[in-house]
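FYI, it's all coordinate maths here, none of it is from the lab. Being a predicted model, the structure only gives us computed values, none of them experimental. Neighbour counts run over all protein chains shown; Cβ positions are idealised from the backbone, glycine included.
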Amino acid sequence: MTDSNDESLRAADPAADRAADFAPTDALLREDVKTLGALVGEILAEQRGQGFLDDVERLRRAAIRRREAGEPVDALAAALADIDLEQAADLVRAFATYFQAVNLAERVHRIRRRRDYERSGAGAQPGGLRDSLAALARQGVSAEEVAALLPRLRIEPVFTAHPTEAVRRALLEKERTIVECLVADIDRGRTPAERRADRERIRLALTASWQTAEAPAAKPSVADEFEHVGFYLSDVLYRVLPVYYEVFEEALRETYGDAPALPDVLGFGTWVGGDMDGNPNVGADTVAATLAGQRALVLGAYRRDLASLEELLSQSVHRVRVDDAVLAKVEDYRYLLPKAAALLKPRHADMPYRNLLGLMSARLQATLDESVHGYPDAAAFLADIDLIERSLAAHQGAHAGGFAVRRLRRRAECFGFHLAGLDLRQDSATHDAALAALLDQPEWAALDVAARAARLHRLLDGEAPPARPAAPAAQSTLEVFRAVARLRPRFGARAFGPYIVSMSRSAADALAVLALARTAGCADDQGRVPLDVAPLFETVDDLDAAADTLRALFADPVYRGHLRARGDRQVVMLGYSDSAKDGGMVASRWALQQTQIALTALAADSCVRIAFFHGRGGSISRGGGKTERAVIAAPRGSVDGYLRLTEQGEVIHRKYGIRALALRNLEQTSGAVLRATLRPRAPEPREAGWRGIAGRLALDAREHYRALVHEDPQFPAYFRAATPIDVIERLRIGSRPAKRAGTGDISSLRAIPWVFAWSQNRAGLTAWYGVGTGLERALAQHGRDALAEMARDWPFFGTLIDDLEMVLAKSDPAIFERYSRLAEALPEGDLHARFHPGIAAEFERTRAAVLAIKGSDELLRGDHRLRQSIRLRNPYVDPISLLQVDLLARWRAADRPDDALLQALVATVNGIAAGVQNTG
């Protein structure tokens with residue numbers, strides 16, 4: 001990996017050049033990759049010796065030859081078979097360290113490309129706010145139309161605690177150091193000495209990463225997950241937020257001249273501490289602890305900002321006027337906070353802004369300490385900020401601190417005293433169990449919808465449940481609602497997001513939330529529950545029935561009264577993960593599309609605004625992919641100025657780990673929402689025919705998928721043998737169990753480990769299985785030109801085909817076959833021979849169909865950067881995958897001990913995840 005090794009490799013193996021064929025615009029990316037690669041090589045030689053580095057290089061050359069010269073995978077596998085355990089673990093870590101370098105170099109290059117674009121004078125960067133608003137203006141969107149949309153424009157990323165992040169926080173912090181050094185050198189303004197110092201900082205971070213265990217010593221707690229997500233909220237997004245508004249306002253001015261002031265259009269949510277679905281570690285206590293932790297984070301951030309402003313706003317009343325209201329507020333706080341006032345320096349007596357800011361900081365501390373002298377709410381803190389901002393504006397202070405005060409105001413408007421809204425989520429079956437215990441009706445879950453609704457109405461009308469202590473099944477559920485009632489006045493109305501009901505199937509599932517909340521005392525004097533109830537439709541069948549479910553709910557007088565109190569807005573969460581696990585990706589996406597169309601029409605008929613909450617995961621089969629494209633591909637009218645979506649695991653790090661990239665992601669998302677709302681796609685007369693084709697495709701794909709995954713009784717055994725699911729279930733990367741309570745079959749496994757397992761064995765089956773059969777039939781019936789037209793002119797279908805192409809390009813059938821052979825000698829028989837031929841044939845059908853529709857002879861021919869990114873990693877992912885196969889066989893033969901063999905396997909899981917940039 002050193003420069004000399006790199007050059008000798010090229011001299012001996014011309015195929016290596018093809019594997020690192022950078023475009024001219026990516027010359028600096030190539031330089032960063034080489035620099036970081038050289039440092040990794042130095043570290044490996046230092047830590048493990050030159051002989052070890054030589055082994056790494058030998059395996060890399062063999063992997064490149066296998067890819068570029070078409071050598072069989074057997075030769076590479078033979079070189080890795082029966083390798084010493086310690087050597088195997090270190091080889092995996094060496095390859096993973098290289099992935100870390102490449103991943104970071106690519107992220108920094110995205111920042112470089114943006115800066116180069118802006119400096120080139122080529123106009124607005126595509127997809128950003130300037131580009132989106134300019135495009136809308138060209139389409140005839142007026143300033144008045146934009147101004148009318150802004151009050152209801154809302155973008156809400158929601159950070160979940162799902163266990164998909166395979167990188168420790170300690171390692172993420174090392175990555176940040178490397179990024180800072182690479183970003184500092186983007187403009188090539190560093191002196192040679194500064195560049196040498198940066199190189200040493202990078203080397204230090206890489207060395208510390210090498211010496212840090214990939215997996216934590218203990219399974220993370222909910223508090224650990226809060227710390228992880230809190231880093232992105234309080235550090236990255238807190239800093240980025242005012243810049244986002246400044247970019248937005250500048251884009252409005254550039255496009256429309258005098259633009260209206262931007263309201264609070266951006267907010268954030270979190271599931272950490274509130275997602276009770278299947279997690280016994282989450283309940284009323286974690287709800288309270290999370291809200292308190294979030295308050296501490298955001299108040300601490302405000303106090304740091306106030307300290308900076310104290311240094312900045314040193315204006316003296318002898319040199320400039322200051323509003324009387326500011327002077328009066330200083331005196332009020334001297335009286336309210338005498339201890340803090342005593343600490344004010346006499347030499348600052350003529351600096352009212354500085355004194356007020358110091359006293360505001362003291363009042364924030366009193367808030368955190370829950371003193372009676374603290375701020376009653378965020379609005380009171382904002383009022384103080386407004387005092388200073390107005391005074392500065394009135395007395396020539398706009399350019400003497402007003403800008404910095406305005407940034408603080410933007411942060412306080414968004415983050416309040418709560419930082420992020422805490423969503424609550426629970427499975428409908430848990431509510432049923434609670435009601436059965438509360439009402440002493442063991443048969444509750446077996447009652448039909450009408451019977452349950454009638455009994456719930458009696459509770460909602462004030463009938464008390466049986467007068468006896470609530471059973472534990474009911475008590476824990478009621479305690480959560482009691483916590484909401486207790487904490488909401490303290491932390492504010494925005495501290496809680498919606499209450500999400502997983503596996504919603506009927507109107508009774510939403511009514512159950514209202515009944516349990518009222519029973520627990522979580523309602524005002526008029527019986528109104530202060531929470532949005534959000535049904536989560538997860539399976540394909542539940543999505544298909546969603547319109548009927550909501551129609552019945554809207555017809556219920558009690559629930560309709562609840563909706564009126566909530567502003568006639570209904571939050572509906574759409575489940576991408578379980579619907580894809582249930583019916584395959586195409587059936588899932590088609591059901592999601594149809595559901596949004598049906599519910600948008602229902603909203604218009606019912607005078608209720610549907611706010612769609614997209615439960616997207618990181619992988620393509622769980623709804624992952626580019627948010628911008630997904631928004632544009634959504635049905636007409638379904639966006640309506642609102643986007644709420646989950647951000648999970650490694651996706652959070654990829655999108656929000658670097659401030660410049662977080663800003664770019666927020667811009668692209670907002671621009672897409674603006675375009676989809678103000679100028680959605682015009683009605684397309686061909687779409688009716690396309691929908692017929694897509695509907696048939698979804699049915700055919702679902703039938704073929706379910707026949708394998710859910711209907712073949714031997715498939716679960718094959719799945720457990722041909723994937724590292726048994727290792728994934730032992731990973732310490734989340735507080736929630738990998739399985740729901742159940743029989744141990746596929747249906748009881750959560751969607752994330754299901755997808756994670758198929759990405760580890762390089763099959764990617766969850767995204768494409770069944771699709772090839774469906775596409776093959778569609779091509780035979782309608783012809784290649786018809787489907788190519790659909791892909792070109794219908795964003796829904798075009799996005800689907802592009803996503804399939806990416807997953808197919810990341811998959812490796814030859815390596816997957818090595819995993820499949822682990823199922824050759826099972827008690828059930830040779831399941832490799834039973835299943836592999838059909839799976840391999842379906843892969844080829846899917847690949848052939850996608851290439852036919854694309855009119856291409858190579859996957860990703862039109863996406864050079866992604867193709868190159870995959871080729872950069874393959875020489876390192878392939879050896880890790882083959883090592884994992886070998887180690888799996890050894891570990892299982894030894895009856896899966898919790899020893900060094902398992903730790904080596906864990907290292908392979910982390911390494912492959914970093915290489916394919918996907919977990920679940």
*asked:* Which lysines, if any, have their Cα less than 28 Å from the Cα of LYS329, not counting same-chain residues under 8 positions apart?
replied: LYS339, LYS345
*Take the alpha-carbon centre of the stretch 294-317, take the same for the stretch 42-97, and report the distance between them in whole Å.*
52
_Helix-only mean residue ellipticity at 222 nm, the chain, DSSP H runs n ≥ 4 weighted -39,500 (n - 2.57), per residue, nearest 500. What is it?_
-20500 deg cm²/dmol
*According to the Cα gyration tensor, what semi-axes, each the square root of 5 times an eigenvalue, does the equivalent ellipsoid of the chain have, listed from largest to smallest in whole Å?*
44, 37, 29
_About the Cα centre, charge dipole magnitude for the stretch 687-862 (Lys/Arg +1, Asp/Glu -1 at Cβ), debye_ = 600
*Put +1 on the Cβ of every Lys and Arg and -1 on every Asp and Glu Cβ in the stretch 841-897; which of LEU887, SER869, ALA849 then has its Cα farthest towards the positive end of the dipole?*
SER869
*So what is log10(I(q)/I(0)) for the stretch 424-678 at q = 0.12, 0.13 1/Å, when the Debye sum runs over its Cα atoms only?*
-0.75, -0.87
*lysines within cross-link reach of LYS219: Cα-Cα under 29 Å, excluding same-chain residues under 8 positions apart?*
LYS174, LYS581, LYS655, LYS739
*Per-residue Cβ neighbour rank within 10 angstrom, fewest leading, ILE500, ILE839*: ILE839, ILE500
*asked:* Nothing charged except the Cβ atoms of Lys and Arg (+1) and of Asp and Glu (-1): what's the magnitude of the dipole of the chain about its Cα centre? Round to the nearest 20 debye.
replied: 1820
*Just for the Cα atoms in the stretch 687-862, what are the lengths along the principal axes, largest first, rounded to whole Å?*
47, 33, 30
*Give the residue from ALA823, MET790, HIS836 lying farthest towards the positive end of the charge dipole for the stretch 687-862; charges sit on Cβ (+1 for Lys and Arg, -1 for Asp and Glu) and the dipole is referred to the Cα centre.*
ALA823
*Treating the beta-carbon of each Lys and Arg as +1 and of each Asp and Glu as -1, no other charges, what is the dipole magnitude of the stretch 280-415 about its Cα centre, to the nearest 20 debye?*
440
*Per residue of the stretch 41-56, in order, report the coupling 6.51 cos²θ - 1.76 cosθ + 1.60 (Karplus, θ = phi - 60°) as ³J(HN,Hα) in whole Hz, putting x for Gly and Pro.*
x, 4, 5, 4, 5, 5, 7, 10, x, 5, x, 5, 4, 4, 5, 4
*asked:* Compute the distance from the alpha-carbon center of the stretch 612-691 to that of the stretch 838-853, in whole Å.
replied: 27
